[in-house]
Amino acid sequence: NAGVMQNPRHLVRRRGQEARLRCSPMKGHSHVYWYRQLPEEGLKFMVYLQKENIIDESGMPKERFSAEFPKEGPSILRIQQVVRGDSAAYFCASSPSEGIYANEKLFFGSGTQLSVL
Amino acid sequence: SQQGEEDPQALSIQEGENATMNCSYKTSINNLQWYRQNSGRGLVHLILIRSNEREKHSGRLRVTLDTSKKSSSLLITASRAADTASYFCATDFYNNNDMRFGAGTRLTVKP
C-alpha cells in the first residue's frame, strides 16, 4: 500500500502563472487535508476535503486558491496568478475512513515545494 | 487559525538526556496527536491520546494530557542524535476531524 503521493516534488512558476499541486491519498482514505508551511514555521491549515465535498476551507485565501477532491483521481490544489508570497512547501495528508483511527490519524505526503520567481 | 502552541520553540540537549515538549490548545478536543518532521520531509505520526486518557506510552515516548488545563506534554527519554527533528502537536479543531497544528518545537540532540 503506497503512502500519500504528492507531485510534483518541486514546482517553479513565474509570477502570474498557475500552479497545480496533486495529491493521491492512501488507498481506502477518503479524507484529504492541505497544509502550507514556510521555512522554520509550523503547518498552516488550508482546506479539508472528503470525496467530492469541501468540508472546511477556512484556511484558504478566498481569491486565487481552490481545491477539489473528485470521485476519481487525485486531490488538486490550484493556485492561480501566483505571487512570490505563495512560495512555500505544500503538504497533503489523508486519513482512513475506517478502523481504530478513522478520520483521526494523518498520513502525510512528502510535500511540494513551490517556488515563484 | 492555529490551535496548538508548542513550548519551547527550540530545545538543545545532549544525547542520553530526556527532552520534554509542551503543547497548549484552546478548544475542546476529541484527541491530541504528536507528529515529528525531519527537515524538508512530511510529518510522521508518533502517538495519539484521546480526551478521556491521561497518559500514553510508546517506546521511549510518553505523552500526558490535562484537559482541565488544555495542555499536553511529550517526553522523549534517553534521547539519541537521530531524534533531532521538529515536533508538532495537533488537535481536532472544534471536534470536527479538522486537524490543526502548532508551530512546533525544534529539538536538537547533540552526540
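Here are a few things to note about the model shown:
- So B:ILE76, is it surrounded by 15 or more Cβ atoms within 10 Å (Cβ to Cβ), of a type outside the set (Asp, Glu), within 14 Å of chain A (Cβ to nearest Cβ) and more than 18 Å from A:MET46 (Cα to Cα): no
- Top-ranked residue in segment B:51-73 [being surrounded by fewer than 16 Cβ atoms within 10 Å (Cβ to Cβ) and of a type in the set (Gly, Ala, Ser); ranked as nearest to the chain's Cα centre (by Cα)]: B:SER58
- Sole residue being more than 7 Å from chain B (Cβ to nearest Cβ) and in contact with a Phe, Trp or Tyr (Cβ under 9 Å, 6 or more places away or on another chain), chosen from A:PRO61, A:PRO74, A:PRO70, A:PRO96: A:PRO96
- Test: residue in segment A:33-47 that is in contact (Cβ under 8 Å) with a residue 60 or more places away in the chain, within 14 Å of another protein chain (Cβ to nearest Cβ) and within 14 Å of the chain's Cα centre (by Cα): yes
- Note on segment A:56-83: among residues that are touching a residue at least 24 places away in the same chain (Cβ under 8 Å) and out of contact with any Ser or Thr (no Cβ under 9 Å at 6 or more places or on another chain), the one that is farthest from A:SER110 (Cα to Cα) is A:GLN81.
- Positions within segment A:1-32 being in contact (Cβ under 8 Å) with a residue 40 or more places away in the chain and outside any strand (DSSP E or B), in sequence order: A:GLY3, A:VAL4, A:PRO8, A:ARG9, A:ARG14, A:ARG15, A:GLY16, A:GLN17, A:GLU18, A:PRO25, A:MET26, A:GLY28
- With respect to being closer than 13 Å to A:PRO25 by Cα and at pLDDT 90 or above, A:PHE91 fits the description.
- Number of the condition not met by B:LEU48 [criteria: (1) more than 25 Å from A:PRO61 (Cβ to Cβ); (2) exposed (fewer than 15 other Cβ atoms within 10 Å of the Cβ); (3) within 10 Å of chain A (Cβ to nearest Cβ)]: (2)
- Candidate set: segment A:56-102, residues that are buried (at least 20 other Cβ atoms within 10 Å of the Cβ) and of a type in the set (S, T, N, Q); chosen: the one nearest to A:VAL12 (Cα to Cα): A:SER75
- When B:GLY42 is tested against (1) within 14 Å of chain A (Cβ to nearest Cβ); (2) crowded, with 17+ Cβ neighbours inside 10 Å; (3) within 19 Å of B:GLU5 (Cα to Cα), exactly one condition is not met: (3).
- Residue in segment B:83-93 that is more than 14 Å from chain A (Cβ to nearest Cβ), without any contact (Cβ under 8 Å) to a residue 60 or more places away in the chain and closer than 23 Å to A:PHE91 by Cβ present: yes
- In segment B:9-23, the residue that is modelled with the highest pLDDT out of those that are surrounded by fewer than 20 Cβ atoms within 10 Å (Cβ to Cβ) and within 14 Å of chain A (Cβ to nearest Cβ) is B:ALA10.
The values are calculated or read from the model by the stated rules, or taken from the named source; none is laboratory data. Predicted, not measured: the structure shown is a model, and the values here were computed from it. Methodologically, a virtual Cβ is constructed for each residue, glycine included, from the backbone with ideal geometry; neighbour enumeration extends over all protein chains shown.
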